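K.L.:
Quick one: structure below, then a few questions.
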Amino acid sequence: MTTLPTQAAISDEIEELRFTSGPQPRLDYPPYRSSRLRHPTRAPEVADPEGVELWAPCFGHADVDDTEADLTMRHPGEPIGERVVVTGRVLDGEGRPVAHQLVEVWQANAAGRYRHQRDRHPAPLDPNFTGAGRCLTGADGSYRFVTIKPGPYPWRNHLNAWRPAHIHFSLFGTDFTQRLVTQMYFPGDPLFGLDPIYQSITDPKAREMLVATYDHDLTAPEFSLGYRWDIVLTGGHRTPLDTEETP
Amino acid sequence: MTAAPGQTVGPFFHLGLPYDGGNELVPPGRPDAIRLHGRIVDGAGAGVPDAMVEIWQADPSGAVCRTPGSLRRDGWTFTGFGRAATDADGRYWFTTLEPGPTEPGRPPFFAVTVFARGLLDGLFTRAYLPGDPAARAADPLLAALAPERRETLIAVPEENGLRFDIHLQGDRETVFLAFPRRVS
């Protein structure tokens, strides 16, 4: 049996790698042990996007039902936990809205347990919470989910490893090169400094882009707390003129 | 504006991302259907059982699909998008059609994304069709690569379709792509 490293050892490794990458996570990031054999060792080849890469898949109301954006209404009863609204806009690198595009989310329940056969964390499953949702952005790029604030959960990267509470987000832009899968975090989480996945983005300003803002104006009296999170994708490669054309 | 950083898809993405029919862009058994399949392999040569592959492609005429319906397929409409999680051995498969060239003389390819636990950000690559060597020879990306690197981007013909293995690391590491922003 391998002995797991301590948090102190992982924290030292995290410390050594601070500011060693740009705004994107380091793929080669030893403090996240599972990355060891799964990161490419060569720099990516720079390519000019062409053909299908200049377009994104189309999703519509045939694909996504409006009710899928409310993760608290998927079962007969109310899920346990802190009800939250998470809303914001999906923007391209020029700040233009990404309209009518698919946003997918998945998350743990309030106790920090995923409804997934591989999750062995001995925290209760909630019969009234699955933890997956989808929506289409509006014309202004806006999305909105109603859900339960996920709990932090333990994992076996190292001894006493805990992930900060997060919601996984999967996003498409207006062209396929903007495809993004990331995680949204909640402000002020005490686990941020200890978490090798969050810290794999070694630039603190870039990391903070993944943290939602508490917005009291989004909080509904007697009902739910509100968080705002805007997501900026990489720049699209089509010119506005291209967008008017059909391929 | 700075783009938001990616994060790993994690071990539990099956809860939110794969869906029924995701890997069947056309119904299996359709006469012109092909199987595009492969294995995602780590730096030790082991299959990656918790990875996900997406393809996005033109139709056989080279047209880019602008039709919704990838998440709930109607059995008739070709939408060009598919998603597959790997099995316990790291294998994935799609039933689809061969993409055509989106412009005359260009080599057709599947745009491919790869996500996995242990992979801190998604990866982009292309699976080029094995036919039309002249078009591939004229392709600037392929032409700039050493032959053994170039080979990692070309699907291998098989009786019922194509095989495209993806090596995340190692001697046969797949060529992954970065797309510079257009300066307008």
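K.L.:
Give the calculated FRET efficiency between B:Arg35 and A:Phe223 to the nearest 0.05, with a Förster radius of 45 Å applied to their Cβ-Cβ distance.
P.N.:
That pair, B:Arg35 with A:Phe223, gives E of 0.35.
K.L.:
Semi-axes of the equivalent ellipsoid of region B:13-167: what are they in whole Å, largest first, if each equals the square root of 5 times a C-alpha gyration tensor eigenvalue?
P.N.:
Rounded to whole Å, the semi-axes are 23, 21, 13.
K.L.:
A further question follows. Does region A:111-167 come out rounded, prolate or oblate by the C-alpha gyration tensor, with a ≥ b ≥ c the root eigenvalues, rounded set by a/c under 1.5 and, if not, prolate when a/b is larger than b/c and oblate if not?
P.N.:
Cα axes put region A:111-167 in the prolate bin.
K.L.:
If you average the alpha carbon positions of region A:196-217 and of region A:8-64, how far apart do those two centres end up, in angstrom?
P.N.:
16 Å
K.L.:
Right, here's the next one. How much mean residue ellipticity at 222 nm does chain A get from its helices, if each DSSP H run of length 4 or more adds -39500 (n - 2.57) and you divide by all residues, to the nearest 500 deg cm²/dmol?
P.N.:
Helices in chain A give a 222 nm mean residue ellipticity of -2000 deg cm²/dmol.
K.L.:
Please report the spacing between the Cα centers of region B:101-154 and region B:1-77 in Å, no decimals.
P.N.:
16 Å
K.L.:
Taking θ = phi - 60°, what integer Hz values does the Karplus form 6.51 cos²θ - 1.76 cosθ + 1.60 yield along region B:134-147, in sequence order, with x for Gly and Pro?
P.N.:
5, 5, 5, 4, 8, 7, x, 5, 5, 5, 7, 9, 4, x
K.L.:
Residue-wise, which Karplus ³J(HN,Hα) couplings in Hz belong to region B:7-16, taking 6.51 cos²θ - 1.76 cosθ + 1.60, θ = phi - 60°, and x for glycine or proline?
P.N.:
9, 4, 6, x, x, 10, 5, 4, 5, x
K.L.:
If you count, for every residue in A:111-120, the Cβ atoms of partner chains within 10 Å of its Cβ, what is the mean?
P.N.:
3
K.L.:
Let me see the pair-distance distribution of region B:66-144: every alpha carbon pair, 5 Å bin width, integer percents in order.
P.N.:
Values per bin, smallest distances first: 3, 11, 18, 20, 18, 17, 10, 3, 0.
K.L.:
Between A:Asp66 and A:Glu78, what length comes free when the chain is fully extended (0.36 nm per residue of separation minus the Cα-Cα distance, one decimal in nm)?
P.N.:
Extra length from A:Asp66 to A:Glu78 when fully extended: 2.5 nm.
K.L.:
Once you order the gyration tensor axes a ≥ b ≥ c over the Cα atoms, which shape class does chain A get: rounded for a/c under 1.5, otherwise prolate or oblate by comparing a/b with b/c?
P.N.:
Cα axes put chain A in the oblate bin.
K.L.:
Thinking of the protein assembly as shown as a set of Cα atoms, what percent of all their pairs are more than 38 Å apart?
P.N.:
When every Cα pair of the protein assembly as shown is considered, 18 percent fall beyond 38 Å.
K.L.:
At R0 = 25 Å, how high is the FRET efficiency between B:Ala138 and B:Ala178 if r is their beta carbon distance? Nearest 0.05 is fine.
P.N.:
0.70
K.L.:
Run the helix sum for chain B: -39,500 (n - 2.57) per DSSP H stretch of 4+ residues, divided by residue count, reported at 222 nm to the nearest 500 deg cm²/dmol.
P.N.:
-1000 deg cm²/dmol, from helical runs alone.
K.L.:
By counting other Cβ atoms within 10 Å of each Cβ, how are B:Trp76, A:Trp55 ranked from fewest to most?
P.N.:
Least to most surrounded, the residues fall as B:Trp76, A:Trp55.
K.L.:
Something else: Using a ≥ b ≥ c from the Cα gyration tensor of region A:1-130 (square roots of the eigenvalues), is it rounded, prolate or oblate, where a/c under 1.5 gives rounded and otherwise the larger of a/b and b/c decides, a/b for prolate?
P.N.:
oblate
K.L.:
Further, regarding this structure: Please compute the modelled spin-label separation between B:Glu151 and A:Leu4, points set 7 Å along Cα→Cβ, answer in nm with one decimal.
P.N.:
4.2 nm
Only the coordinates and a few stated rules stand behind these numbers; no lab work does. Owing to the predicted nature of the structure, the values given are computational and were not obtained by experimental measurement. FYI the Cβ positions are ideal-geometry reconstructions off the backbone, even for glycines, and counts take in every protein chain you see.
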